[in-house]
Amino acid sequence: MIDGQRFARLVTEAVVRRPLLWRVLRRPLRSMFDGLAPTWETRIGPHHLLALDAALANVPPPPRVLDLGTGTGVVALALAERYPEAEVVGIDLSRGMIDEARRKLTPDLAGRVSFEVGDASALASPDGAFELVVLSNMIPFFDELARVVAPGGTLVLSFSRGAATPIYVAPDRLQREFGARGFAEFAEFSAESATALRAKRQ
């Protein structure tokens, strides 16, 4: 039987090549992450946010932030701390992950941080809804990301174990796909084993 990490890698490679396969692979991947949700944070090491932090170091404070593939909300809550005036939305396919994330919301955060179940391939958000979109260990749906990042906005994709991350897309592929969709000013970051790519929507 295939293990979860291998399955996540296979799904990522398949969907990046042929996005229509997501229709078939979405349900088993969601079920896998629902099962992992209660113990998810025991799998996250101290390096998880390092490259992401480096990529965000000189990003101007955005009014609206999307953490896509938020999981248990670790990145979304870090973004809310970094940008105390921003509205932060965390979206994940897994209801189990979202339930865990919502449990962390304190009263002072509940007014500007929200967690929603959603499909990254077809978001309910309007065009150009977010000035900053962050994906951490998440399959990128290129057309949908280009749609929801506001003109002049920033997109950051991070991988907590670099190329060893189960859900991983190489930076040259990311630059090629996003460059064809109106992104530029690409910059790569690394910190210990983590890597990140930052781009700006033109």
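Throughout, read-outs are computed from the coordinates displayed, never taken from laboratory work. From a predicted model like this one, the values you see are computed outputs, not experimental measurements.
Here the Karplus relation 6.51 cos²θ - 1.76 cosθ + 1.60, evaluated at θ = phi - 60°, turns the backbone of the range 52-68 into coupling constants of 4, 4, 5, 5, 8, 3, 10, 7, x, x, x, x, 9, 10, 10, 9, 9 Hz, with x for every Gly and Pro. Taking θ as phi - 60° and the Karplus parameters 6.51, -1.76 and 1.60, the scalar couplings of the range 129-142 work out to 6, 10, 7, 9, 10, 10, 10, 10, 6, 9, 5, x, 9, 4 Hz in sequence order, x denoting glycine and proline. Estimated purely from DSSP H runs of n ≥ 4, each contributing -39500 (n - 2.57), the mean residue ellipticity at 222 nm for the chain is -10500 deg cm²/dmol once divided by its residues. For THR70, the residues whose modelled amide H falls within less than 5 Å of its own, excluding neighbours fewer than 5 places apart on the same chain, are ILE91, ASP92. Annotation: average projected area of the chain is 10.4 square nanometres, based on the convex hull of Cα atoms across all directions.
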